[in-house]
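Below is one structure; the comments refer to it alone.
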Amino acid sequence: MVSINSSIAREIATTFNFDDPVIGYVLERRSLTNIPDCRTRYIQFIISFFLDEDTSILRLLLDRKHVIQSILPGLIYDDVDTVQLFLLALIEKVVQSSAISKTQKVKVFNQSSLDFIMKLYHWEGPEKFKKETTKDKKKKSKEEDVS
């Protein structure tokens, strides 16, 4: 819907509640069997705002607190295509864009964001997430058995 035209994208960017707590749950929803999963679809939704030619829509999105920052922590476990697409969109549409102010860039690329981006040098991918999730489930079931 966002990619249909700029007025629809602007309407969605202004009315959609990016700060809703449900977004956090969406970003935690991963599936190795149903690909793309909820998290990947949400990231694609955000990237669709980057692709609009009207940079005021992207500036509007960047002014929203935590939109980009909420995606960064989990990128280390996302598939390579999603990571590349997201980073490419950030580089081309935010970092290299003269339409985005330096102030907005500094707000997006704060210390926490840069730490998560640096962790991508040690990208682990979806398989590592699967192993971590399996370990957590086994540990939790052992704790329940002990109780």
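Suppose we filter Ile43, Ile91, Ile100 for residues that are buried (at least 16 other Cβ atoms within 10 Å of the Cβ) and not in a loop (DSSP other than H, G, I, E, B); which single one remains?
Criteria check complete, one pass: Ile43.
Suppose the filter is closer than 23 Å to Leu120 by Cα, assigned to a helix (DSSP H, G or I) and of a type outside the set (D, E, K, R); does Leu62 pass it?
Yes, satisfied.
Checking the condition of a type in the set (S, T, N, Q), closer than 14 Å to Ile47 by Cα and assigned to a helix (DSSP H, G or I), which residue from Gln69, Gln84 passes?
Within the list Gln69, Gln84, the selection yields Gln84.
State the number of residues belonging to the range 1-40 that are of a type in the set (A, V, I, L, M) and either assigned to a helix (DSSP H, G or I) or surrounded by 14 or more Cβ atoms within 10 Å (Cβ to Cβ) (or both). Lay out the reasoning, then the answer.
Start the filter on the range 1-40 by keeping residues that are of a type in the set (A, V, I, L, M), which leaves 1-2, 4, 8-9, 12-13, 22-23, 26-27, 32, 35.
Of the ones still in play, those that are also either assigned to a helix (DSSP H, G or I) or surrounded by 14 or more Cβ atoms within 10 Å (Cβ to Cβ) (or both) are 2, 8-9, 12-13, 22-23, 26-27.
Number of matching residues: 9.
Please go through the range 5-39 and give me each residue that is under 17 Å from Leu60 (Cβ atoms) and more than 16 Å from the chain's Cα centre (by Cα), ordered by number.
The answer is Asn5, Ser6, Ser7, Ile8, Ala9, Arg10, Glu11, Ile12, Thr14, Thr15.
Before we move on, is Phe86 within 26 Å of Ala9 (Cβ to Cβ), free of Cβ contacts under 8 Å to residues at least 24 places away in the same chain, in contact with a Leu (Cβ under 9 Å, 6 or more places away or on another chain) and not charged (D, E, K, R)?
Details: within 26 Å of Ala9 (Cβ to Cβ): yes; free of Cβ contacts under 8 Å to residues at least 24 places away in the same chain: no; in contact with a Leu (Cβ under 9 Å, 6 or more places away or on another chain): yes; not charged (D, E, K, R): yes.
Answer is no for this residue.
So that you can scan it fast, the table gives a plain yes or no per residue for (1) over 21 Å from Ile4 (Cα atoms); (2) touching a Cys at 6+ places or on another chain (Cβ under 8 Å); (3) in contact (Cβ under 8 Å) with a residue 40 or more places away in the chain:
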{"position": "Leu61", "(1), (2), (3)": "no, no, yes"}
{"position": "Asp78", "(1), (2), (3)": "yes, no, yes"}
{"position": "Lys93", "(1), (2), (3)": "no, no, yes"}
{"position": "Gln96", "(1), (2), (3)": "yes, no, no"}
{"position": "Thr103", "(1), (2), (3)": "yes, no, no"}
{"position": "Asp115", "(1), (2), (3)": "yes, no, no"}
{"position": "Met118", "(1), (2), (3)": "yes, no, no"}
{"position": "His122", "(1), (2), (3)": "yes, no, yes"}
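Output the number of the condition that Ile68 fails; it satisfies all remaining conditions of (1) at pLDDT below 90; (2) buried (at least 18 other Cβ atoms within 10 Å of the Cβ).
Ile68 satisfies all of (1) at pLDDT below 90; (2) buried (at least 18 other Cβ atoms within 10 Å of the Cβ) except (1).
The values are calculated or read from the model by the stated rules, or taken from the named source; none is laboratory data. This structure is a prediction, so every number in the text was calculated from the model and none was measured. Counting neighbours? That spans all protein chains shown, and the Cβs are built from the backbone with ideal geometry, glycine included.
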